[in-house]
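What follows is a short report on a single structure.
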Amino acid sequence: MYKMQNYFEMIVLYCIRIFNGERSVYAILHMLKGKKSSQTIQDVHLFGLTNLLGTLPDITRRQLEITVDKLLQSGLLIALPQNGYYLITSIGQELLQQHVKKYPFPETLNGFRFQNRTQSYWSRLSLLIQTISHIIHKQNRFYPIQRNFQTQTWVKRYLAQNRQSRAEIGRHLFDELSTLLEKRPEKERAIFVKRLTGIHRIGSTYSQISKELHEDEWYVRYLFLGTIHFMLQEFDDSSVQYPYLYSVIKDIQGNSHTQLTNSTQMTLKYLQTGKSLEEIAFIRRLKRSTIEDHIVELAYSDPLFNISRFMSQKIEEVIRIASKTSRTKQLRAIKEIVANDEISFFQIRLVLAKAGDDQ
């Protein structure tokens with residue numbers, strides 16, 4: 001039997017199984033890169049993949065295609081007539097099940113909620129720790145681990161505004177990080193610490209850590225990401241417990257609309273003034289279907305979004321029952337079960353959106 005080469009192969013195989021021939025492999029690419037489109041945001045909710053959104057922003061189309069080709073040649077996938085569409089084979093199912101059991105996704109992983117904050121938090125924190133470590137040891141000249149100009153500017157401003165001794169800031173950061181990391185498994189703690197840079201050490205790369213721990217490099221990357229997301233979740237739940245770490249990211253705090261595309265945010269503003277779909281489409285010079293996409297995106301992104309203005313409670317219930325009866329997430333199949341010409345695909349999509357990951 002084929003032996004899974006790496007964690008990325010597992011992720012691709014997992015997504016293909018979840019999509020079940022209803023989305024192409026390029027939907028996986030858009031999801032992992034964190035593409036801000038209505039379609040991608042709808043897909044991750046509809047198929048329960050919100051944890052993976054934006055977790056591999058640097059992945060390339062070529063990397064994905066090479067991996068899919070390997071899985072295909074190894075008998076784990078079968079190609080469908082439509083270009084880029086695949087189904088997982090029984091051998092692939094068995095292998096995937098074994099691999100997911102041995103290497104599960106970190107339970108704290110939440111790309112949908114944290115993709116906008118992940119990189120900023122890590123870049124700022126790692127450079128701040130490196131800077132304080134050098135200043136405490138009276139070495140003001142060093143090669144910064146983060147080359148991004150905005151990150152460097154933020155650290156300079158942070159230290160200029162915070163007049164406490166650098167040693168005291170360092171102690172507080174150490175104490176808060178220790179408290180957080182104590183809540184994580186030993187392997188996650190080790191990976192996070194090895195990534196940090198200080199006066200006498202340069203942070204390790206994923207590749208170096210994977211060799212040291214004898215773990216797959218992709219898996220190391222996801223364990224690290226899970227730790228970062230855990231910290232961000234802790235700040236959301238109780239920022240007062242971690243005032244110094246929270247101060248690193250407090251200006252990039254999210255809300256229910258941070259993931260929305262710019263165009264959808266504009267549609268939301270018109271909706272809030274009481275404008276109808278037709279009026280918004282006319283004002284914005286967009287097709288009605290585009291405005292419908294925006295509204296479905298809103299329903300996915302905001303648990304409090306009310307869809308009652310777009311259908312009666314009776315229609316909503318009919319669609320809910322049909323979606324549970326259907327064994328697919330294909331709209332056309334649900335529409336056939338509903339068997340009512342007055343119920344639109346738009347309304348079906350809205351109900352699925354409100355059902356979210358429970359579907």
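The values are calculated or read from the model by the stated rules, or taken from the named source; none is laboratory data. All of these numbers come straight from a predicted model, not from anything done at the bench. Glycine also receives a Cβ, built like all others from the backbone with ideal geometry; neighbour counts cover every protein chain displayed. Protein only, heavy atoms only, side chains kept; ligands, DNA and RNA dropped before computing areas. Shrake-Rupley method; radii C 1.70, N 1.55, O 1.52, S 1.80 Å.
Relative contact order, whole percent, for region 1-68 stands at 35, derived from Cα pairs under 8 Å and 6 or more residues apart. Rounded to the nearest 20 debye, the dipole magnitude of region 68-143 is 520 debye, with +1 charges on Lys and Arg beta carbons, -1 on Asp and Glu beta carbons, and the Cα centre as origin. Placing a pseudo-label 7 Å from each Cα along the Cα-to-Cβ vector at I78 and F149 gives an inter-label distance of 5.5 nm.
For a label point 7 Å from the Cα of N20 along Cα→C-beta, name the residues of region 57-82 whose backbone N is under 20 Å from it. Output list for this probe position: 76-82. Among 135-145, 149-159, sorting by the average number of other beta carbon atoms lying within 10 angstrom of each residue, highest first, gives 149-159, 135-145. The Cβ shell under 15 Å around L64 holds other residues with a net charge of +2, Lys and Arg each +1, Asp and Glu each -1.
Across the chain, the relative contact order, built from alpha-carbon pairs under 8 Å that are at least six residues apart, equals 19 percent. In the context of the full set of protein chains, residues of the chain present 52 Å² of accessible surface per residue (probe radius 1.4 Å, heavy atoms only). For G21, the shell of other residues with beta-carbons less than 13 Å away shows a net charge of +3, using +1 for Lys and Arg and -1 for Asp and Glu.
Considering only I228, S24, S344, the residue lying farthest towards the positive end of the dipole of the chain is I228, judged by Cα position with unit charges set on Cβ. Pairs exceeding a 20 Å alpha-carbon distance, out of K3/K101; K187/K211; K102/K187; K269/K335; K287/K354; K324/K354: K269/K335; K287/K354.
Note on region 275-346: dipole from Cβ charges, positive end direction compared against F310, T325, I295; the farthest Cα belongs to T325.
Simple point charges give the picture: +1 on the Cβ of Lys and Arg, -1 on the Cβ of Asp and Glu, and for region 179-263 a dipole about the Cα centre of about 240 debye. Please tell me the relative contact order of region 284-359 in percent, rounded to the nearest whole number, where contacts are Cα pairs under 8 Å and at least six residues apart. Relative contact order, region 284-359: 38 percent. Within the same chain, lysines fewer than 8 places from K250 are excluded, and of the rest, those with a Cα less than 20 Å from its Cα are K156. The residues packed around L268, meaning those with a beta-carbon under 13 Å from its beta-carbon, carry a net charge of 0 if Lys and Arg are +1 and Asp and Glu are -1. Centroid-to-centroid, using Cα positions, region 93-172 and region 204-273 are 11 Å apart.
Note on the chain: with a GNM built from Cα contacts shorter than 10 Å, the maximum mean-square fluctuation among S312, S301, S210 falls on S312.
Among the protein heavy atoms of the chain, carbon and sulfur supply 49% of the accessible surface, probe 1.4 Å, non-protein parts ignored. In this simple spin-label approximation, R157 and H172 carry label points 7 Å from Cα along the Cα→Cβ vector, and these lie 1.9 nm apart. Placing +1 on each Lys and Arg Cβ and -1 on each Asp and Glu Cβ, with no other charges, gives the chain a dipole about its Cα centre of roughly 1060 debye.
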